[in-house]
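The values are calculated or read from the model by the stated rules, or taken from the named source; none is laboratory data. The structure displayed is predicted, hence computed values, not measured ones. Every residue, glycine as well, gets a Cβ built from its backbone with ideal geometry; the counts of neighbours run over all protein chains shown. To get the accessible areas, we keep the full protein, side chains included, count just its heavy atoms, and leave off ligands, DNA and RNA. Shrake-Rupley method; radii C 1.70, N 1.55, O 1.52, S 1.80 Å.
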Amino acid sequence: MTLNDASSADATPDDMTRDGTARATREEIAHANQAHWRAMSTTRLLDCGMAYADVGELQRQTDGGTAWDRACEAIGVARRNAGDAAAAAGNSITAAHQFGWAAAGFLFAQMANNFDTDRKRELYDRFTEAVQRLATVSSNPLTRVEVPVGDGRLVGWHMRPAGREPIGTVILFGGQSGWGATYLRNAEALAQRGIATLLAEGPGQGESRMRYGIHLDVDVADAFGRFVTAALDDVDAPVGIWGNSVGGLFAALTAAADARLAACCVNGGFAAPRLLSFRTFAEQAAAMLGTTDEAAIEANFKRLRFDPSTHSIDVPLLVIHGGADPLVALADQQPFLEAAADATLQQWDDGDHTVYNHGDERNDLVADWFAEVFTRTR
């Protein structure tokens, strides 16, 4: 696969206008690329499904002055085209690999924009399209799910283990920038243990926000509870919840409120969310809530605070922590542990945020833990 596989219709010059008028200078592109590499490290790119070769290609492209989103998009287009060719030749396993890598390319392309611009929506649609292609060749059945909420819908992807009835289902999701099918590799680890996964796009996330207008001003536990209902409608088996980054808070709030859940995993979450000092976090928080009013964002964070004096988690809880996480300290996660009678802490001393740098080990450990809890619960 080479970047030349991208069709001319998909190619866009690096100096295209960002807002229809102003053109980015090389200095602006270089500065932005540096910021994107800080936010989307090599460990994160790999953990969220980008091929190793594509990480190198992304480095080459951005070092050469190509804007981050254009470079990631070109990688996604090339992988998508290679997947189409493999699928046409009847090579479904190869096609699945290519479509997964394509999805990762488009996923990280859209992360270059924090607010819901036309460009971000376009790239997220391409991400969704790549996942839809993957669903046609996936060895584990993968289907799109839409759950009604008020006048809108919450979107997700349902992966079932191939050839067997699931022993349970895990509702799995991210935080401010990684949503839904970002966690396909995690879902595959669960499927290997006979566990189904609902890759959720909750309030303020993904298509639930960009297509259906559901922001983070709703009852979060009730919203994720809709995914619990969808899981139980599919199979009468235990349901767990696994939230990553800020999503860890959402998982804990849902576990405290929904007695139907059998297990909860929090990976790198804040019990008391707050606006951090860097621009990316603040803009992503604003986009999730649908307002740039800093006071409103802080008020919403206060509303979402998890307090062990008023919240309790009555099911087994697993807290994952990276000792080298630059965003979340162990003290930020301590309230979750205090709220649960059956709590386990797993820490990697050198682990970065959500332990990207031990992704395979983390997925194995969490999947084994859910399998053990579900087997015990059934």
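Among the residues of the stretch 278-293, just one is acidic (Asp, Glu) and either open to solvent by 50 Å² or more (accessible area, probe 1.4 Å) or not in a helix (DSSP H, G or I) (or both), namely 293. None of 350, 368 is assigned to a helix (DSSP H, G or I), loosely packed, with under 15 Cβ neighbours inside 10 Å, touching a residue at least 12 places away in the same chain (Cβ under 8 Å) and not basic (Lys, Arg) except 368.
Residue count for the stretch 294-318 under the criterion of being buried (at least 16 other Cβ atoms within 10 Å of the Cβ) and either charged (D, E, K, R) or free of Cβ contacts under 8 Å to residues at least 60 places away in the same chain (or both): the result is 8.
The single condition from (1) in a helix (DSSP H, G or I); (2) over 20 Å from residue 184 (Cα atoms); (3) within 23 Å of the chain's Cα centre (by Cα); (4) not charged (D, E, K, R) that residue 374 fails is (3).
Quick check, is residue 319 closer than 20 Å to residue 113 by Cα and within 18 Å of the chain's Cα centre (by Cα)? So residue 319 does not fit the description; no.
Looking at 280, 291, 354, which one is hydroxyl-bearing (Ser, Thr, Tyr) and either farther than 30 Å from residue 115 by Cβ or at pLDDT below 95 (or both)?
Matching residue, one of 280, 291, 354: 280.
Counting only helices (runs of 4 or more DSSP H) wholly contained in the stretch 56-174, the ones carrying 1 or more residues that are open to solvent by less than 10 Å² (accessible area, probe 1.4 Å) and in contact with a His (Cβ under 6 Å, 6 or more places away or on another chain) occupy 68-88.
Name the residue, out of 231, 262, 271, that is hydrophobic (A, V, I, L, M, F, W, C) and open to solvent by 10 Å² or more (accessible area, probe 1.4 Å).
262
Exactly one residue among 291, 280 is of a type in the set (Ser, Thr, Tyr), farther than 25 Å from residue 239 by Cβ and in contact (Cβ under 8 Å) with a residue 24 or more places away in the chain, and that residue is 280.
Each residue in the stretch 194-221 was checked for being of a type outside the set (Asp, Glu), touching a strand residue (DSSP E or B) at 6+ places or on another chain (Cβ under 9 Å) and not in a helix (DSSP H, G or I), and 15 of them qualify. Screening 185, 209 for residues that are surrounded by fewer than 23 Cβ atoms within 10 Å (Cβ to Cβ), at pLDDT 95 or above, within 19 Å of residue 129 (Cα to Cα) and of a type outside the set (Ser, Thr, Tyr) leaves exactly one candidate, 185. Screening residue 178 against (1) touching a Cys at 6+ places or on another chain (Cβ under 7 Å); (2) surrounded by fewer than 22 Cβ atoms within 10 Å (Cβ to Cβ) leaves a single unmet condition, (2).
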